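The values are calculated or read from the model by the stated rules, or taken from the named source; none is laboratory data. Just so we're clear, the structure is a prediction, and the values are computed from it rather than from any experiment. For neighbour counting, all protein chains shown are included, and Cβ atoms are generated from backbone atoms with ideal geometry for every residue, glycine included.
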């Protein structure tokens with residue numbers, strides 16, 4: 001059985017006051033059929049872990065390719081682990097675009113994160129021009145091959161499909177388009193790592209997931225949860241998404 005996962009990416013949002021939203025979520029207790037993950041700014045990871053306890057997992061939003069060294073301003077996977085993180089997001093489109101991260105960079109970071117004992121949430125996704133050129137599956141296939149190291153398992157890897165043109169725009173692919181990409185990713189993972197591993201890696205959808213569209217998205221083939229941006233900042237919105245996943 002693949003685990004269902006509702007992951008919240010707070011991005012560069014949140015100070016100590018935002019932990020009140022996490023307290024509200026935690027007070028609801030753990031869902032019966034899903035895992036919940038919050039990835040706050042690195043400044044809040046330790047305090048978020050204290051609030052979340054064993055109810056909600058806490059993760060980082062990126063890590064350096066090295067575990068230590070002269071890299072001013074960067075955070076290593078070991079530091080995230082030490083602060084209480086269990087997961088780390090890698091290869092998000094905003095990192096790929098803003099910091100010119102390549103698939104190779106993501107792959108090296110993922111191996112480093114695994115060595116530190118973190119679960120990696122590796123993001124893939126196409127731009128609007130790539131979608132309109134009907135290149136989506138070629139782009140996704142290349143990112144999967146280049147970004148995921150050898151040695152992936154259903155325990156150390158989560159893959160999140162985030163069409164770049166849908167992130168924070170309110171635009172959402174059709175359910176058929178979401179299903180096509182998720183079925184394709186499942187087939188590629190099974191072909192590379194074998195059915196035993198490929199069938200157990202959770203696949204998340206991300207891109208303007210909201211309480212109103214979450215139930216129908218979670219009913220799509222091979223969608224095991226969501227990577228949520230803006231809606232994860234409010235306990236009321238993210239709680240409704242978690243409830244929809246728990247009931248799916």
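Below are the figures for this structure:
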read-out	value
Which numbered condition residue 100 misses (of (1) without any contact (Cβ under 8 Å) to a residue 12 or more places away in the chain; (2) touching a strand residue (DSSP E or B) at 6+ places or on another chain (Cβ under 6 Å))	(2)
Failed item, numbered, when residue 11 is tested on (1) surrounded by fewer than 21 Cβ atoms within 10 Å (Cβ to Cβ); (2) more than 14 Å from the chain's Cα centre (by Cα); (3) closer than 26 Å to residue 74 by Cα; (4) in contact (Cβ under 8 Å) with a residue 60 or more places away in the chain	(2)
Wholly enclosed helices (runs of 4 or more DSSP H) of the stretch 63-154 bearing at least 2 residues out of contact with any helix residue (DSSP H, G or I) (no Cβ under 7 Å at 6 or more places or on another chain) and more than 30 Å from residue 183 (Cβ to Cβ)	77-83
Leading residue by the ranking (modelled with the lowest pLDDT) among those in the stretch 20-30 that are touching a helix residue (DSSP H, G or I) at 6+ places or on another chain (Cβ under 8 Å) and surrounded by fewer than 19 Cβ atoms within 10 Å (Cβ to Cβ)	28
Failed item, numbered, when residue 170 is tested on (1) out of contact with any strand residue (DSSP E or B) (no Cβ under 9 Å at 6 or more places or on another chain); (2) surrounded by 18 or more Cβ atoms within 10 Å (Cβ to Cβ); (3) part of a loop (DSSP other than H, G, I, E, B)	(2)
Residue in the stretch 45-58 that is under 14 Å from the mean Cα position of the chain (by Cα), closer than 18 Å to residue 233 by Cα and at pLDDT 95 or above present	yes
Residue match in the stretch 176-195 (condition: touching a residue at least 12 places away in the same chain (Cβ under 8 Å) and in a loop (DSSP other than H, G, I, E, B))	no
Complete set of residues in the stretch 74-102 that are surrounded by fewer than 18 Cβ atoms within 10 Å (Cβ to Cβ) and under 26 Å from residue 125 (Cβ atoms)	74, 86, 97, 98, 99, 100, 102
Conditions (1) over 30 Å from residue 98 (Cα atoms); (2) surrounded by 14 or more Cβ atoms within 10 Å (Cβ to Cβ): number failed by residue 5	(1)
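Residues are listed down the side, and each one gets a yes or a no for (1) crowded, with 22+ Cβ neighbours inside 10 Å; (2) under 22 Å from residue 7 (Cα atoms); (3) touching a residue at least 40 places away in the same chain (Cβ under 8 Å):
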| position | (1), (2), (3) |
| --- | --- |
| 109 | yes, yes, yes |
| 121 | yes, yes, yes |
| 133 | no, no, no |
| 137 | no, no, yes |
| 144 | no, yes, yes |
| 147 | yes, yes, yes |
| 150 | no, no, no |
